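Computed from the coordinates by the stated procedures, all read-outs in this text should not be read as laboratory data. Fair warning: this is a prediction, and the values are worked out from it, not measured in the lab. Every residue, glycine as well, gets a Cβ built from its backbone with ideal geometry; the counts of neighbours run over all protein chains shown.
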């Protein structure tokens, strides 16, 4: 039983770590705020979720387990809410997503390339 | 062992988030990066507690998870209004309180 | 009851402060503040009576024996400084009410008294404690309350002066904290007596040497030893009128007390003066400080700044006395701590009374004030004579000891320089007296009257004290002599 | 190993604070800096200190910095070159002396270091029998060196008096209409809804957690100081989401201004009661007949005093700053 718990912990912790590193790379490499916000949210949801689950399986007593659950819950709620608020603020401030520009550009290119209708 | 690997992964993530905080370019990127770095540090503190066999470290992680939110809201509000004291339209009506 | 006195003298102002802050009526707050100051002064006299003749009281906070708990230690030196702080605080607060009255709203008065009481309490706390870290804690309270008190001055310049002081004071406090941390690192204790036992064995340890360096610089900032005095003139000049009297009298003196305590008692005579040769640093600095500050004072056109610069010079005398490292010098330093505090408090208070009437501290505006306010100006003159060091005043006693300390060392030029600097004091004090008595009064000040007795009486108490302690030197030079001998390790 | 990595990150954040010239960014990075310091304290096993740093450095001081920025403006003037020289000399001299001292310091983690030899053994071995709480840090702070903590509460109280004298409080101004945010109002309202829901969800647990930290300080990390800060940050959250006026209706500044003094007086009252019962100031052992119980009650009471003062001071300062910036 203990071995099984250990194995599951290993797996979830590794998945969590993977998400953390991926999200870190995303934070660095993504082109604009919106996409980076996505990467940041990934840490809060998947990274933190998996790691806290892994830790939960190893919790020595109930108090610790409850604290883990609470920490995760508040982290999830508050951090995602602040990322949401941030993205809203960015949007209200009038910053357009870069990807939107790309889409627009592609659209324009297509219009240019397509032969005049008449 | 598994805690150690996770710790390393989280530290790498903190490093990358801090790099983003330093690079910017806009203030929003920095806020986002610092928020993410904060999350990572909460994770780091929790895992560290298990790594060092002192799970009561979780109190600090919990504190920071709760307080980081206040900080981020304050920053956003400051960014929007230039002050912290402005009442929002979403405030409960005066009659409701007290 | 009697054995609780060390705690009581501190608690009286410290507890009156929060109560004051809750009283909205400034008058009631003043009654409470004044009562607590006078009671603390009485307790301080009681403490002095207990330690008179060279006894020491040790009071264990929380019932824990040192070095595990915190110990309050009171000997003659600390009792003298506690008397200095409490009695002068009580005299100044009697005058404070009158000088505050017109400017602020009533509740602001209460807050002001609360900050004042906190400052008094923290200075007492620094003096009576026997624990190195505790010194730092109360130093923080005293710094914070002093910043607040100074910033309430007449105009925006007070804020700038306060901010400057805040920056420099914070640097000083940080240095002191680093130093205390270093001492703890190599000894594992914070109790001063315990430190004194353990530090001599570590005199070659570089951590101890670094802690000594940090401590000296940090406290020198607080004492305003030349060239770290830059915050002082503006802070004193722009602080509220009567507050300057209290700060000038006590704050730097308590810092100097801390310096003496640590140099002689904690680090030890041998380490401070024979290994680190702190005297080689302090003597030239204090001489430069005396000369430069006195010269600057002569050329001031603002009476408050003039007195503030004179304070820098007078602090030079005290530091010089410490650095001379003989009985006469040290006696002079300690006696001058008391005498100068008394004289400067009186001078600033008299000046505050004049500023209160003419709303300016420029020398031109004080013209002819000696005729309008004869009693105030007479007190000012008596105190000014004390500052110069005329015989039969308190200032003469300490200068006499200082000069004989210099002569003991065989340094005749230094003694001559000290007499020369007294002449400089004669010039700058003479400048004010000259303006006040012999210049025609400005027409817009023709209506100026004598100040009310609430300020006048404390002024005259200081003036009479200055004469009394010029004749009866048991409390000042007597105690100072005994303390000097015990600090230098000479058994009498 | 972890230490080194954290220290490198710390250096990087300090470098960033110095290099970036926008004050807002500097404030953000300062909060990050504080959390990193807290993590280092954790690794060094100083849990109580880490707790304080995480709560104060990362939370409250960020908000105070922002409140101050709201008053003074966001940009800083570039410092002229010649003005850098004097601070540079001071800083390098300090650094040199610190390096010089580090040559003779006891090795890192050395069990034979004097710190572990002289005073500490009694705290470690006897505090459970003499004072009681399993958390030795609490025993030292609240009992052995309770007088220092009393002084620290005094420091906090003095800061409160200072802020009140300089900024004023209770000077409620008439509400000024918030500047309408640029952009679509509909979206901004939607944002409010999400934040409001989350805040409603979080505020109560924050306050409860503060109480937990307050009363659990005997057993785990925490105590009055940290609890006060966490409680205050819960109130800040309310004021930030709903605005300062509703928060002031909840906690009227006029009445709130009494509480710092009440906390300090509560602390002192414990000391004075022990004096009346024949012990020295703050000697909790004489409070009741059994010394251990006395210690227990005494510590609980003074921690409550600390908590009240700290929370009230923080909230008061926040209100003063925010009113000023309106």
* Taking the Cα atoms of the range C:299-487, what is the range of coordinates along each of the three principal axes, in descending order and whole Å? -> 55, 31, 21
* To do: Enter the mean number of other protein chain beta carbons within 10 Å of the beta carbon of each residue in C:117-127, as an integer.
  => 2
* Structure fact -> Taking alpha-carbon centroids only, the range C:404-470 lies from the range D:1-78 a number of Å equal to 51 Å
* Mean residue ellipticity (222 nm) of the protein assembly as shown, computed from DSSP H runs ≥ 4 via -39,500 (n - 2.57), nearest 500 -> -24500 deg cm²/dmol
* Asked: Going out from 0 in 10 Å bins, what whole percent of all Cα-Cα distances in chain C drops into each bin?
  -> 4, 21, 33, 27, 12, 3, 0, 0
* Asked: For helix C:132-151, what angle does its Cα long axis make with the longest principal axis of chain C, in degrees from 0 to 90 and rounded to 10?
  -> 20 degrees
* Counting only C-alpha contacts under 8 Å and six or more residues apart, can you give the relative contact order of the range A:1-95 as a whole percent? => 32 percent
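Does the range B:2-81 come out rounded, prolate or oblate by the C-alpha gyration tensor, with a ≥ b ≥ c the root eigenvalues, rounded set by a/c under 1.5 and, if not, prolate when a/b is larger than b/c and oblate if not?
It comes out oblate by the Cα gyration axes.
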* Using alpha-carbon pairs under 8 Å, 6+ residues apart, how would you state the relative contact order of the range D:1-104 in percent? -> 25 percent
* What average number of partner chain Cβ atoms lie no more than 10 Å from the Cβ of the residues making up C:134-140? -> 4
* Picking from A:73, A:19, A:52, which is most flexible by a Gaussian network model of chain A using Cα springs under 10 Å? -> A:73
* To do: Give the Rg/Rh ratio for the range A:2-113, taking Rg as the radius of gyration of the Cα atoms and Rh as the Kirkwood radius, to two decimals.
  => 1.17
* Which whole-number percent is the relative contact order of the range C:93-218 (Cα, under 8 Å, 6+ apart)? -> 21 percent
* To do: Would you work out if the range B:31-70 is rounded, prolate or oblate? Take a ≥ b ≥ c from the square roots of the eigenvalues of the alpha-carbon gyration tensor; rounded if a/c is under 1.5, else prolate when a/b is larger than b/c, oblate otherwise.
  => oblate
* To do: Give me the angle, in degrees from 0 to 90, between the Cα long axis of helix C:412-438 and the longest principal axis of the Cα atoms of chain C, rounded to the nearest 10.
  => 30 degrees
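When you have a sec, figure out the Kirkwood radius of the protein assembly as shown from all distinct Cα pair distances and drop it here in Å to one decimal?
30.8 Å
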* Asked: Each label point is 7 Å from the Cα along the Cα-to-Cβ direction; what then is the distance between the points at residue D:194 and residue B:52, in nm?
  -> 3.6 nm
* Counting other C-beta atoms within 10 Å, which of C:57, C:451, B:60 has the fewest, and how do the rest follow? -> C:57, C:451, B:60
* Cβ crowding within 10 Å averaged over residues, with C:272-283, B:31-42 ranked highest first -> B:31-42, C:272-283
* Structure fact -> For the range C:173-310, the Cα-Cα pair-distance distribution in 5 Å bins from 0, as whole percents, is 2, 10, 17, 20, 16, 12, 9, 8, 4, 1, 0
* Given the C-alpha centroids of the range C:116-138 and the range B:1-69, what is the distance between them in whole angstrom? -> 40 Å
* In what order do C:261, D:249, C:198 fall by count of nearby beta-carbon atoms within 10 Å, going from fewest to most? -> D:249, C:198, C:261
* Nearest 0.05, what FRET efficiency do residue A:66 and residue A:101 give at R0 = 56 Å with Cβ-Cβ as r? -> 0.75
* Say R0 is 22 Å: what FRET efficiency, to the nearest 0.05, do residue C:442 and residue C:375 get from their beta-carbon distance? -> 0.60
* **Alpha-carbon centroids, the range C:21-50 and the range C:365-396: separation in whole Å** => 29 Å
* **Sequence of B:80, C:222 once ranked by neighbouring C-beta atoms within 10 Å, starting from the fewest** => B:80, C:222
* Structure fact -> Mean per-residue count of partner chain Cβ within 10 Å for A:19-31 equals 6
